[in-house]
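The values are calculated or read from the model by the stated rules, or taken from the named source; none is laboratory data. All values reported here derive from a predicted model rather than from experimental measurement. For neighbour counting, all protein chains shown are included, and Cβ atoms are generated from backbone atoms with ideal geometry for every residue, glycine included.
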Amino acid sequence: MFITFEGIDGSGKTTQGQLLKEKLESLGYQVLLTREPGGTKVAEAIRGILLHLDEKIEAMTEVFLYCGARNEHLEKIILPALKKGYIVISDRYYHSTLAYQGFGRELGLAEMKAINSHFINTCPPDLTFFLDIGLEIFEKRLEGQELDRMEKEGLEFMTKVRHGYLEMAAEEKTRIQVIEGSAKIEDIAEKIYLKVKEVLDARS
Ligand SMILES: Nc1ncnc2c1ncn2[C@@H]1O[C@H](COP(=O)(O)OP(=O)(O)OP(=O)(O)O)[C@@H](O)[C@H]1O
Ligand SMILES: [Mg+2]
């Protein structure tokens, strides 16, 4: 089973991914928690370019770099773990490109889906949790933190990204679960676990 976490920066993906991993492991499941872009040396190097390099990157270059890192991550980390029977949880996957570049950078959803078709067709997530927060919470959670290149894009950009996620959630109702990210951490974790359990039970 392949689960992804999506949402704008600071929405709680890393927090909830970790809690879900712990919960599932406590029940005896083998779980791999991983994050994008990263997870392999090549992908981490690409991540360094994407998030920390101090030069303007062309929007389409950004797309291809993310996709390059994604393929490394898919082939070397995600697919081998799924083959071994692990539940794989990824902090971001292709919906991030659809939202950030498709909507945030306005390159278009159809165009971004076409470029990501390899991932969409060969390994779509079984479940995607979109942690939705308003922009006032985004600002509050990132206050005082050192911002990466994406986070520096600001409120207008993040608003477009958020709407992109909401639009995709309306389109992919079964896969994408919209979760209110401003709720209490434990309540969100419980909601997420119950949904995962429902899918796991339906499969067994
Ligand atoms: N439900 C919540 N209520 C209050 N604070 C939260 C909640 N979830 C997460 N936080 C806090 O908000 C901050 C961002 O959370 P987290 O790092 O999990 O988000 P993220 O989506 O992984 O962010 P990024 O995209 O920057 O990696 C952290 O300080 C975390 O402790
Ligand atoms: Mg995170």
(request) Test each condition in (1) surrounded by fewer than 17 Cβ atoms within 10 Å (Cβ to Cβ); (2) at pLDDT 95 or above for Asn116 and report the one that comes out false. (result) (1)
(message) Which of the numbered conditions does Glu146 fail, given that it passes all the others? Conditions: (1) touching a Phe, Trp or Tyr at 6+ places or on another chain (Cβ under 9 Å); (2) charged (D, E, K, R); (3) within 16 Å of ligand 2 (Cβ to nearest atom).
(response) (1)
(message) If Glu136 satisfies all but one of (1) surrounded by 16 or more Cβ atoms within 10 Å (Cβ to Cβ); (2) modelled with pLDDT under 95; (3) farther than 27 Å from Gly68 by Cα, what's the number of the condition it fails?
(response) (1)
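In segment 173-189, what residues are within 16 Å of ligand 2 (Cβ to nearest atom) and among the aliphatic types (A, V, I, L, M)? Before you say what the answer is, go through the steps one by one.
Going through segment 173-189, the residues within 16 Å of ligand 2 (Cβ to nearest atom) turn out to be 179, 181, 185, 188-189.
Within segment 173-189, Ile179, Ile185, Ile188, Ala189 qualify.
Collect the residues in segment 1-23 that are within 10 Å of ligand 2 (Cβ to nearest atom) and in contact with a helix residue (DSSP H, G or I) (Cβ under 8 Å, 6 or more places away or on another chain), keeping them in residue-number order.
Of everything in segment 1-23, those that are within 10 Å of ligand 2 (Cβ to nearest atom) and in contact with a helix residue (DSSP H, G or I) (Cβ under 8 Å, 6 or more places away or on another chain) turn out to be Phe5, Gly7, Asp9, Gly10, Ser11, Gly12, Thr15, Gln16.
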(message) Anything in segment 23-56 that is more than 19 Å from Ile77 (Cα to Cα), within 16 Å of ligand 1 (Cβ to nearest atom) and modelled with pLDDT of 95 or more? List them, or say none.
(response) Lys23
(request) Among what's in segment 1-19 and is near ligand 1 (Cβ under 7 Å from one of its atoms) and hydroxyl-bearing (Ser, Thr, Tyr), pick the residue that is farthest from Lys184 (Cα to Cα). (result) Thr14
(message) Tell me yes or no: at least one residue of segment 148-155 is of a type in the set (Lys, Arg), touching a residue at least 24 places away in the same chain (Cβ under 8 Å) and within 16 Å of ligand 1 (Cβ to nearest atom).
(response) yes
(request) Specify which of the listed residues (Lys191, Lys173) is within 20 Å of Thr14 (Cα to Cα), surrounded by fewer than 17 Cβ atoms within 10 Å (Cβ to Cβ) and either at pLDDT 95 or above or not acidic (Asp, Glu) (or both). (result) Lys191
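Could you list all residues from segment 171-187 that are near ligand 1 (Cβ under 10 Å from one of its atoms) and charged (D, E, K, R)?
Restricting attention to segment 171-187, the residues satisfying the condition of being near ligand 1 (Cβ under 10 Å from one of its atoms) are 179-187.
The answer is Glu180, Lys184, Glu186, Asp187.
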(message) Among the listed residues Leu147, Leu131, Leu200, identify the single one that is in a helix (DSSP H, G or I) and of a type in the set (A, V, I, L, M).
(response) Leu200
(message) So, restricting to helices (runs of 4 or more DSSP H) that lie completely within segment 1-90, which ones have at least 1 residues that are loosely packed, with under 14 Cβ neighbours inside 10 Å and among the small types (Gly, Ala, Ser)?
(response) 13-26, 41-52, 59-73
